[in-house]
Amino acid sequence: MSIGYSLNPVHCLQAAAVVGMLAAMTMPAQADNWRGWNVHPQGYPNSEALDSFVKEVTDKTDGRVKAKIFHNGVLGDQPDAIEQTRSGALNFANFNMGPMGPIVPETNVLSLPFLFKDIDAMHKVMDGEIGQRFADALERKNLIALSWFDSGARSVYNTKRAINEPEDMQGLKVRVMNNDLYVEMIDALGGNATPMAYGEVYQSLKTGVLDGAENNFPSFESSGHDEIAKYFSETEHLILPECLCIAKRSWDKLSDQDQRIVRQAALDAATLQRQLWQESSKQSREDVIAAGVEINEVDKPAFQAKMEPIYAAFVKKHPDLEPLLNDIRNAQ
Ligand code: GTR
C-alpha cells in the first residue's frame, strides 16, 4: 500500500516563497566586510589605534560593518593603497599626507619643509577649519578623512657620517617618499634623492643602494633602519599629518547612524594614537641611542635657508595654493 501523498510543484514553490519572505524579514541585512590598509607592524601606535577603530566599528554597528585591518603593508605600498582606497577596492586606511601629494595637489602644501613651527601647531591647524579644507580636497578624490593622526617630525639619518650642516649632505643617496617635492628638497641640500617604497628601504640601506633616508623616531626603530644607519641628524624638516580615511564608496553606503558611529570611532582612534605617539617617540629615541645610534644636532636655520627656492618655485607653479599656504602660516 502506498501512502497517498504526492508533492504538488505549485504548492512547493509557494511554500518556498513564504519561507524566503519570512527569512528576509527576520535575518539581518548582509554585513559590509571592510578591509583596511596599514604600513606599520603590530604594536606601532597607529596599528593599535587602527585595531581599536576596527573593534569599535564592528561592535557599535552590531556587525553591520565587519572591519578587518591588514598591518605591515601586506596589501601593498602606500601609493597603490591610496588608489585602491579611492576606487573602493580597499575600504579604509591610515595614510601619510606625503605620498598623497601627486593625487590631491592641495596636500602638497603640507609637504613644504619646515612649514609647521612644531607638532602642536600642526594639530591646531589640522583640527580646525584648515584641516576641513584638506578633508574637502581629499573627498573630491573619493577619500573621506575622518581624523588626523600624529606622525612626529621627520629627520635625516644615514650610514656614513654625522650631518650638522647642509654641506654634510653632499652626495648622499637618500630615500624619499613618493613626491617630487622631496626630490627637490634633498637635491637642494646637495644629496641624491631616491623615491622608493617604504618596505624596500631596509634592504637598500643594507646593500648600500642607499646611504640614508628620513623619518620619525618610531618608524626609524620599527623598520629596523636604526640597525644599519648609525647617524640620526635632527633636521625635523617635515611635520606631516596622517589621516584615517574611508573609501567614499564605502562611506556613501552607510546609513546616517552608521556614519556617526564610524566617525566617532575614527576620532577615538586619533585620540588614542596621539597619546601612544608621545610615549612611543620618547621611547624610540632612547632605544635607538641605547642601540648605538649617534644623534646629531643640526644648524636648522642653514637647512631652512636652503629651502627658500623650493617655496618660491612652489608658489610660482601653484599660485592657487598660495592663500592656503599663507593661512597655515598665519594660523600658527
Ligand atoms: C612613516 C609613515 C608611513 C610612511 C612611512 C614612509 O613615518 O607613518 O605612513 O609614510 O613613514 O616613510 O614611507
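The values are calculated or read from the model by the stated rules, or taken from the named source; none is laboratory data. Computed from a predicted model, the values in this text were never measured in an experiment. We place every Cβ from the backbone using ideal geometry, glycine too, and count neighbours over all the protein chains shown.
Some notes on this structure:
- Lys300 meets all of the listed conditions (1) on the phi > 0 side of the Ramachandran plot; (2) more than 26 Å from the chain's Cα centre (by Cα) but one, namely (1).
- Meets criteria (under 24 Å from Lys55 (Cα atoms), in contact (Cβ under 8 Å) with a residue 24 or more places away in the chain, among the aromatic types (Phe, Trp, Tyr) and crowded, with 23+ Cβ neighbours inside 10 Å) for Phe116: no
- Neighbours by Cβ (under 7 Å, 6+ apart or cross-chain): first from region 129-157, under 23 Å from Gly212 (Cα atoms); second hydroxyl-bearing (Ser, Thr, Tyr): Gly152/Ser281; Ser155/Ser233; Ser155/Thr235; Val156/Ser233; Val156/Thr235; Tyr157/Tyr231; Tyr157/Ser233
Per-residue answers, yes or no, for (1) of a type in the set (D, E, K, R); (2) under 24 Å from Glu236 (Cα atoms); (3) not assigned by TED's automatic domain parsing to the domain that holds Gln257:
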| residue | (1), (2), (3) |
| --- | --- |
| Thr61 | no, no, no |
| Ile69 | no, no, no |
| Gln84 | no, no, no |
| Ser87 | no, no, no |
| Leu90 | no, no, no |
| Asn94 | no, yes, no |
| Lys124 | yes, yes, no |
| Phe134 | no, yes, no |
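- Residue identified as in contact (Cβ under 8 Å) with a residue 60 or more places away in the chain, outside the structural domain of Ala247 (by TED's automatic domain parsing), more than 10 Å from the ligand (Cβ to nearest atom) and under 22 Å from Val104 (Cβ atoms) among Met185, Met177: Met185
- Subset of region 223-238 [within 21 Å of His40 (Cβ to Cβ) and in contact with a Gly (Cβ under 8 Å, 6 or more places away or on another chain)]: Ala229, Leu238
Matching residues to (1) over 24 Å from Asp118 (Cα atoms); (2) more than 17 Å from the chain's Cα centre (by Cα):
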residue: Glu214; (1), (2): no, no
residue: Ser219; (1), (2): no, no
residue: Thr235; (1), (2): no, yes
residue: Leu244; (1), (2): no, no
residue: Asp252; (1), (2): yes, yes
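- Residue in region 258-274 that is of a type outside the set (Gly, Ala, Ser) and under 22 Å from Ser111 (Cβ atoms) present: yes
- Region 221-233, subset within 12 Å of the ligand (Cβ to nearest atom) and touching a residue at least 40 places away in the same chain (Cβ under 8 Å), residue nearest to the chain's Cα centre (by Cα): Ser222
- Selection status of Leu75, closer than 19 Å to Leu181 by Cα and aliphatic (A, V, I, L, M): no
- Failed condition for Phe314, given (1) in the same structural domain as Met169 (by TED's automatic domain parsing); (2) surrounded by fewer than 22 Cβ atoms within 10 Å (Cβ to Cβ); (3) out of contact with any Leu (no Cβ under 7 Å at 6 or more places or on another chain): (3)
- Conditions (1) among the aromatic types (Phe, Trp, Tyr); (2) within 10 Å of the ligand (Cβ to nearest atom); (3) surrounded by fewer than 19 Cβ atoms within 10 Å (Cβ to Cβ): number failed by Tyr198: (3)
- Among the residues of region 30-68, those that are closer than 19 Å to Asp80 by Cβ and more than 16 Å from the ligand (Cβ to nearest atom) comprise Trp34, Arg35, Lys68.
- Among the residues here, Pro79 does not qualify as at pLDDT 95 or above, surrounded by 19 or more Cβ atoms within 10 Å (Cβ to Cβ) and within 14 Å of the ligand (Cβ to nearest atom).
- Enumeration of residues in region 281-292 that are within 18 Å of Asn158 (Cβ to Cβ), among the hydrophobic types (A, V, I, L, M, F, W, C) and more than 26 Å from the chain's Cα centre (by Cα): Ile289, Ala291
- Of the numbered criteria (1) within 16 Å of the ligand (Cβ to nearest atom); (2) assigned by TED's automatic domain parsing to the domain that holds Ala81; (3) within 16 Å of the chain's Cα centre (by Cα); (4) surrounded by fewer than 16 Cβ atoms within 10 Å (Cβ to Cβ), the one Gln278 fails is (3).
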